[in-house]
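Worksheet: one structure, shown below.
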Amino acid sequence: MIKVDLHVHTEYSANPADLLLKRFGTQESYTTVEAVYRQAMARGMSLVTVTDHNTIAGACRLVSRYPDVAFTGVELTTCFPEDGCAIHLLVFDFTPAQFEAMDRLRPDIYALRDYIRQEGLPYSVAHATYSVNGKLNVLHIEKLILLFDVFECINGTRVATYNDLLRKVLRGLTPQKIEELHRRHLIEPISDTPWIKGLTGGSDEHAGLFIGDSYTSAEGMTKADFLASLRRKTTEPAGRSNHYKTQVFTFLKVAYEASRKDRRGGLWNDLCATVFDGKPPGWRVRLKLAQMSRSRKEKDRAVAGRVSGLVARLTRTPPLPWPERVDAIYETMAEIEDAFFVLNAEALREAFGQRDVFKLMSALTALFRSLFLSLPFLGTFRHLHQSSAVMEEFRQRFLGARSPSERRILWFTDTLNDLNGVSVTLRSFATESIRRGLTVRVASARENGPAVEEYQLELPTVYEYSPDFYPSYTLRFPSLLKSLELIYAQSPTEIVVSTPGPAGLIGILAARLLGVPCRGIYHSDFTRMAELGVSGGAFASFVQAYVHWFYSCVDEVRVPTRESLRALAQAGYEESRLALFRRGIDTSFFAPLEEPQASLRRRYALDEQMTLLYTGRVSKDKSIWFLADVYRELRRRGVTVNLIICGEGPELAALRRTFGDDDRVKLTGRVAR
């Protein structure tokens, strides 16, 4: 079996095609040809090639130094002349004269394709579903399927969902589908069997970190065997796809190499030397950590302790493999960020307690600033999923709409085990979904309480807060970086958010980063809750503005009743984004009982008089004191009546003080459903 990483860049790829690298102002790669050879061989590759952008200087150097195991390669930037959409095409085993001819032809993908076919050159379309210059759409991908027969289906810089989808589509092509595409685009297929595609893999490595982790395999023993297999479309892709965590370190490694080449030095380079080369920290790093460990500021001491522990792990012998190294760095950065968050969250608690809008805004600003370590990961998360809309259309065109079993719904809530309608609704939906074989998981911050259900995704909690105006409710703040890692592993196709709290915010962020549809459920009138809970004023206005902003960030807002729909429309919500949330009724649970009134009276030792019954959250926004006033007025008029209030909430203690001596009032507290 022959293994070759068919997509690797070297220092000869001077001009970056990636927009993020362009913003860094660096070359695309600083890896030497010799380093590519050493790493490829060390990781089990049989042959070696390099594919720099539109230049063969590196490839010629490689072949001249290692002629027995190397062959020429290049990544050509070509275009659809009708609209300028750029495509990257890998071509191999050519002569300098053939490269010059391809270089002249590459502005026109049709002319370039015809030349490659005429010369019989091995090739592969690189990352066919990635938009190089922002112009790619599904029609371009369809044209590529007609123009070429070999595609890179494992690209080490693309996420697994995209790689897997391309491979599934190409493996499922039929003569009928090719004929349909031919009629649509009037492009002559490249071969007599264009529904049979050859597949390749390559790391697309720029930083020299993961060379050989993605590769192409073929039967045989020689270079000639491999190239013949590539021409015959019998190669297979293998290895890893990309991850938002590793992508950050690819960019940082390129930036580090640029800094080192320019001899800028300093603390940044010393840290990078430890991270990327495993070198013991230099004097600058040691001095800085010593200063921070003695600092009066708690956050400085927290950083120093965690970084010192990380340095010890990164410099140990034998060195950590790169995947473990990335995980260790990510974990440390998450812990540092969480520590900063907790320190700033105390100011938020104080602002809430004082109902001070200005302090609240200042605290929120500081709280968001504490999340600065997440920014590189948020950037790569979005960068890797920027083609999500194109990919979904591509999927539907070739594979059809997702069946219910193929949909992966991640539902975010800030309340799951509390006694309220949101929690009951979510638990019912999740349980019924599992019974029907659907994939629905409910993401919420971890809490102490009942055992974790099958449908739960627990997000690590870093901070908790119970407002004094609602002590029975605990607001939990999940760790952003640790939560992103869990969410990424779920690969959701849709996101639903039920509450505008910290977990709901993470849900909206995840939807935007992944580029998947996001629906919001408007369960409660949060503005009214704030008005009644904190006596109205500027604080309630702030809550109203925040909730309006929150639901403006989702694609669709679902509400439980038509009355709620009208109320939100009158409050300024876009009517086109409002829809009913039909919850249904579980008739096996909500069924008539025999003598229900007698059963209720026996349970609470009441006589046969009229009984007023309330069940739900015991709070002002439920007009609970109106009910109390009705009861007292009836009693004042001499009417014999009972009152049962079932549930928990912020007004329960006050009600107990008010009716403590009244035998006809039963305050049950929490009652099982």
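The values are calculated or read from the model by the stated rules, or taken from the named source; none is laboratory data. As the structure is a computational prediction, the values presented were derived from the model and not from experiment. Glycine gets a Cβ as well: all are built from the backbone with ideal geometry, and neighbour counts include every protein chain shown. Note: accessible area is taken over every heavy atom of the protein model, side chains too, but ligands, DNA and RNA are not part of it. Shrake-Rupley method; radii C 1.70, N 1.55, O 1.52, S 1.80 Å.
Can you find even one residue in the stretch 56-64 that is over 25 Å from Arg240 (Cβ atoms), of a type in the set (Val, Ile, Thr), open to solvent by less than 10 Å² (accessible area, probe 1.4 Å) and in contact with a strand residue (DSSP E or B) (Cβ under 7 Å, 6 or more places away or on another chain)?
First, the residues of the stretch 56-64 that are over 25 Å from Arg240 (Cβ atoms): 56-57, 60-61, 63-64.
Checking the rest, the ones that are also of a type in the set (Val, Ile, Thr) come to 56, 63.
Checking which are open to solvent by less than 10 Å² (accessible area, probe 1.4 Å) leaves us with none.
No, the stretch 56-64 contains no residue that is over 25 Å from Arg240 (Cβ atoms), of a type in the set (Val, Ile, Thr), open to solvent by less than 10 Å² (accessible area, probe 1.4 Å) and in contact with a strand residue (DSSP E or B) (Cβ under 7 Å, 6 or more places away or on another chain).
With Glu648, Glu633 as the choices, which residue is open to solvent by 40 Å² or more (accessible area, probe 1.4 Å), touching a Gly at 6+ places or on another chain (Cβ under 9 Å) and either charged (D, E, K, R) or under 30 Å from Arg427 (Cα atoms) (or both)? Walk me through it before giving the result.
Working: Glu633 fails: touching a Gly at 6+ places or on another chain (Cβ under 9 Å).
Answer to the selection: Glu648.
Checking Asp18 against (1) buried (at least 22 other Cβ atoms within 10 Å of the Cβ); (2) among the acidic types (Asp, Glu); (3) at pLDDT below 95: exactly one of these is not met. Which one?
For Asp18, the failing item is (1).
Can you find a residue that is under 21 Å from the mean Cα position of the chain (by Cα) and among the β-branched types (Val, Ile, Thr) anywhere in the stretch 372-395? Talk me through it step by step, then tell me what you get.
Within the stretch 372-395, the subset under 21 Å from the mean Cα position of the chain (by Cα) is 372-395.
Cutting the leftovers down to among the β-branched types (Val, Ile, Thr) gives us 380, 390.
Yes, that holds for at least one residue.
Report every pair of residues separated by at least 6 positions or lying on different chains whose Cβ atoms are under 8 Å apart, first residue within the stretch 273-286 and touching a residue at least 40 places away in the same chain (Cβ under 8 Å), second open to solvent by 70 Å² or more (accessible area, probe 1.4 Å).
Thr274/Pro280; Gly278/Pro319
For the stretch 159-175, enumerate the residues that are open to solvent by 50 Å² or more (accessible area, probe 1.4 Å), polar (S, T, N, Q) and within 29 Å of Pro492 (Cβ to Cβ).
Thr161
Looking at Ala224, Ala255, which is the one that is crowded, with 16+ Cβ neighbours inside 10 Å and either in a helix (DSSP H, G or I) or small (Gly, Ala, Ser) (or both)?
Numbers: Ala224 fails: crowded, with 16+ Cβ neighbours inside 10 Å.
After ruling out the rest, the residue left standing is Ala255.
Can you go through Ser124, Ser131 and tell me which one is surrounded by fewer than 23 Cβ atoms within 10 Å (Cβ to Cβ) and under 30 Å from Phe249 (Cα atoms)?
Residue meeting the stated conditions: Ser131.
Among the numbered criteria (1) open to solvent by less than 40 Å² (accessible area, probe 1.4 Å); (2) touching a Lys or Arg at 6+ places or on another chain (Cβ under 9 Å), which one does Ile178 miss?
The one condition Ile178 does not meet is (2).
May I ask you to list the residues in the stretch 276-308 that are in a helix (DSSP H, G or I), at pLDDT 85 or above and under 18 Å from Arg325 (Cβ atoms)?
Scanning the stretch 276-308 gives Arg306, Val307, Ser308.
Can you name every one of the helices (runs of 4 or more DSSP H) wholly within the stretch 553-642 that holds 1 or more residues which are touching a residue at least 40 places away in the same chain (Cβ under 8 Å)? Reasoning before the result, please.
Values: elements: 562-570, 596-604, 624-636.
By residue number, 562-570, 596-604.
Among (1) under 21 Å from Pro376 (Cβ atoms); (2) hydroxyl-bearing (Ser, Thr, Tyr); (3) at pLDDT 95 or above, there is one condition Ser259 misses while meeting the rest; what is its number?
So the condition that Ser259 fails would be (3).
Just checking, which of Thr415, Thr425 is in contact with a helix residue (DSSP H, G or I) (Cβ under 8 Å, 6 or more places away or on another chain), open to solvent by less than 20 Å² (accessible area, probe 1.4 Å) and closer than 28 Å to Tyr463 by Cα?
Numbers: Thr425 fails: in contact with a helix residue (DSSP H, G or I) (Cβ under 8 Å, 6 or more places away or on another chain).
Answer to the selection: Thr415.
May I ask you to verify whether Ser374 is at negative phi, in contact (Cβ under 8 Å) with a residue 12 or more places away in the chain and not hydrophobic (A, V, I, L, M, F, W, C)? Walk me through how you get there before you give the answer.
Details: at negative phi: yes; in contact (Cβ under 8 Å) with a residue 12 or more places away in the chain: yes; not hydrophobic (A, V, I, L, M, F, W, C): yes.
Judged against the criteria, Ser374 is a match.
Write out, first by first residue and then by second, each pair whose Cβ atoms fall under 8 Å of each other, whose residues are 6+ apart or on separate chains, and whose first residue, in the stretch 299-328, is open to solvent by 40 Å² or more (accessible area, probe 1.4 Å) while the second is of a type in the set (Ser, Thr, Tyr) and part of a loop (DSSP other than H, G, I, E, B).
Partner pairs satisfying both residue conditions: Arg301/Ser295.
Among the residues in the stretch 186-202, are any within 26 Å of the chain's Cα centre (by Cα) and open to solvent by less than 40 Å² (accessible area, probe 1.4 Å)? So that I can check it myself, show each step before the final result.
Applying the first criterion (within 26 Å of the chain's Cα centre (by Cα)) to the stretch 186-202 yields 201-202.
Filter once more, keeping what is open to solvent by less than 40 Å² (accessible area, probe 1.4 Å): 201-202.
There is at least one residue in the stretch 186-202 that is within 26 Å of the chain's Cα centre (by Cα) and open to solvent by less than 40 Å² (accessible area, probe 1.4 Å).
Restricting attention to the stretch 580-610, and to residues there that are more than 30 Å from Leu565 (Cβ to Cβ) and among the small types (Gly, Ala, Ser), which single residue is nearest to the chain's Cα centre (by Cα)?
Pass one, the stretch 580-610, residues more than 30 Å from Leu565 (Cβ to Cβ): 592-610.
Checking the rest, the ones that are also among the small types (Gly, Ala, Ser) come to 598-599, 605.
Details: Ala598: 54, Ser599: 51, Ala605: 54 Å.
Restricting to residues being more than 30 Å from Leu565 (Cβ to Cβ) and among the small types (Gly, Ala, Ser), the top hit is Ser599.
Under 7 Å between Cβ atoms, at least 6 apart or on separate chains: pull out the pairs that start in the stretch 434-445 with a residue that is closer than 18 Å to Ile495 by Cβ and of a type in the set (Val, Ile, Thr) and end on any residue that is open to solvent by less than 60 Å² (accessible area, probe 1.4 Å) and in a strand (DSSP E or B).
If the second residue must be open to solvent by less than 60 Å² (accessible area, probe 1.4 Å) and in a strand (DSSP E or B), the pairs left are Thr439/Ile409; Val440/Ile409; Val440/Trp411; Val442/Trp411; Val442/Gln456; Val442/Leu457.
So in the stretch 253-294, with the set limited to residues that are of a type in the set (Phe, Trp, Tyr) and under 33 Å from the mean Cα position of the chain (by Cα), which one is nearest to Ser29 (Cα to Cα)?
Kept after step one, since they are of a type in the set (Phe, Trp, Tyr), are these residues of the stretch 253-294: 256, 268, 276, 283.
Checking the rest, the ones that are also under 33 Å from the mean Cα position of the chain (by Cα) come to 256, 268, 276.
Numbers: Tyr256: 11, Trp268: 19, Phe276: 15 Å.
The residue in question is Tyr256.
Restricting attention to helices (runs of 4 or more DSSP H) lying wholly within the stretch 323-410, give those where 3 or more residues are under 16 Å from Glu485 (Cα atoms) and of a type in the set (Gly, Ala, Ser). Working first, answer last.
Values: elements: 357-369, 375-384, 388-399.
In the stretch 323-410, no matching helices (runs of 4 or more DSSP H) lie anywhere.
Any idea which of (1) at pLDDT 85 or above; (2) within 27 Å of Arg158 (Cβ to Cβ); (3) open to solvent by less than 50 Å² (accessible area, probe 1.4 Å) is the one Cys272 doesn't satisfy?
For Cys272, the failing item is (1).
How do the pairs read when you match residues in the stretch 213-231 that are on the phi > 0 side of the Ramachandran plot with residues anywhere that are modelled with pLDDT of 95 or more, using Cβ under 9 Å and keeping only pairs 6 or more apart or on different chains?
As it stands, the answer is Gly220/Ile2; Gly220/Phe226; Gly220/Ala228; Gly220/Ser229, since those pairs meet every condition given.
Based on this model, can you work out whether Pro517 counts as modelled with pLDDT of 85 or more, within 24 Å of Arg427 (Cβ to Cβ) and open to solvent by 50 Å² or more (accessible area, probe 1.4 Å)? Even if it seems obvious, please write down each step before you answer.
Details: modelled with pLDDT of 85 or more: yes; within 24 Å of Arg427 (Cβ to Cβ): yes; open to solvent by 50 Å² or more (accessible area, probe 1.4 Å): yes.
Yes: the conditions hold for Pro517.
Within the stretch 367-404, can you find the residues that are charged (D, E, K, R) and at pLDDT below 90?
Start the filter on the stretch 367-404 by keeping residues that are charged (D, E, K, R), which leaves 369, 382, 392-393, 395, 397, 402.
Of everything in the stretch 367-404, those that are charged (D, E, K, R) and at pLDDT below 90 turn out to be Arg369, Arg402.
Within the stretch 601-618, count every residue that is open to solvent by 50 Å² or more (accessible area, probe 1.4 Å) and under 23 Å from Gly421 (Cα atoms).
2
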